[in-house]
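The structure appears right after this line, and notes come after that.
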Amino acid sequence: MRHDRVRGFTLIELLVVIAIIAILIALLLPAVQQARAAAQRSACQNNLKQIGLAMHNYSDTFGYLPTGASVWLYGANVNGSYTNTRGHWIWSCFILPYMDEAPLYDQFSPGRQSPEAAGALISTPMAEYRCPADEVDPIHPFQDFNNDVPAAYSSYVSSTSDILRQNTWGGSGIIGDREEFSGAFGIDVAYTLDMIKDGTSNTILVGERAFQVDTSYPNRAYGAFAYATRRLNGAQDSNGINLAFATLGYGGINGAGVGDFDTNETEARRAAGNGFSSKHAGGSQFVFGDGSVHFLSENISFTCCGSSGDARLANSGVLNRLVNRVDGMTVGKF
């Protein structure tokens, strides 16, 4: 009886097959990563579009954009102090009803209670306020309100000033035109769309800020809170106004030193805590006053801590001009 032998792979043939598979994986992996990055960027863009639409719906209802952060008007302040730890409600809380989150807004009751009084609700994560590329825990791990209640994290900050301004606060009225707040938002001031003199298509409303842990101080992190900020004391750390706002005092977009806390500690902290940044390659995304979303390159020009008045405006960079709503320097293509 004849028995045919079944021939298997030789060792060399097996190694060749493995090598071919490895090459195919190496070729496909960058494409997969690029597709993933593109999907994350698209989802982030959609988040910002929803925020822009909510801003316009808020404006249609009340006649003005929400205030950037509330000190005097919403019961969040104690004894006239900007540094109380009861917290201050911010713009992203006020637009919740227009983000299909009216029940959460009602539970927060920003007109009647402080963020501290909201308790564990302040930890409620919200996907629309987080960029998918910013892959961190939705609850801010290091910053909290009183009673150790952690706060939900956000990837987005409002645009407040084209240069760094500290210890400058809003007035006592809901409608104001405070010089220190050259952007679309301020503290206890709210601007109408008509007050954006440079045109809504030339003015940034909200942009990205990536979550970053300060390796020099491991218990400190930068980014933004989703609904409220802990203090409004102008501090350079993540307890201050920078948890709600972006000012162009340092860094621009993904500025020098961002993330490099070990070798460039001071500049890294300032850029991480005051400017715009993202985990997207090459820049960050922004929603403008007309509701359009744009990706701006990290190489866009900006002026850091310039002089005041006409001299500062004359030398301002493109990013400064897109932040400043009243400088009269509109930008064409950017």
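Just so it is clear, none of the values below were taken in a lab; they were calculated from the coordinates. Every value quoted in this text rests on a predicted model; they were computed, and no experiment measured them. Cβ: placed from backbone, ideal geometry, glycine included. Neighbour counts: every protein chain shown.
In order along region 207-213, the Karplus-derived 3J(HN,Hα) couplings, from 6.51 cos²θ - 1.76 cosθ + 1.60 at θ = phi - 60°, round to x, 8, 9, 6, 6, 9, 8 Hz, and Gly and Pro are given as x. Put a dot 7 Å past the Cα of Ala102, heading toward its Cβ, do the same for Ser297, and the two dots end up 4.5 nm apart.
How high is the FRET efficiency from Leu28 to Glu135, r the C-beta distance, R0 22 Å, rounded to 0.05? Provide the component values of the computation, followed by the final result.
Values: r = 22 Å, r/R0 = 0.99.
The formula returns an efficiency of 0.50 here.
A straight Cα-to-Cα reach below 26 Å connects Lys197 with the lysines Lys49, Lys333, residues fewer than 8 places away in its own chain not being considered. Under 5 Å from the amide H of Leu205 lie the amide H atoms of Val287, Phe288, Gly289, each residue being 5 or more positions distant or on a separate chain, with H modelled from the backbone and absent for Pro and chain starts.
Derived scalar couplings between HN and Hα for region 61-66 equal 7, 9, x, 8, 6, x Hz in order, rounded to whole Hz, by the Karplus curve 6.51 cos²θ - 1.76 cosθ + 1.60 (θ = phi - 60°), x for Gly and Pro. Among 22-32, 318-328, 39-49, sorting by the average number of other beta carbon atoms lying within 10 angstrom of each residue, highest first, gives 318-328, 39-49, 22-32.
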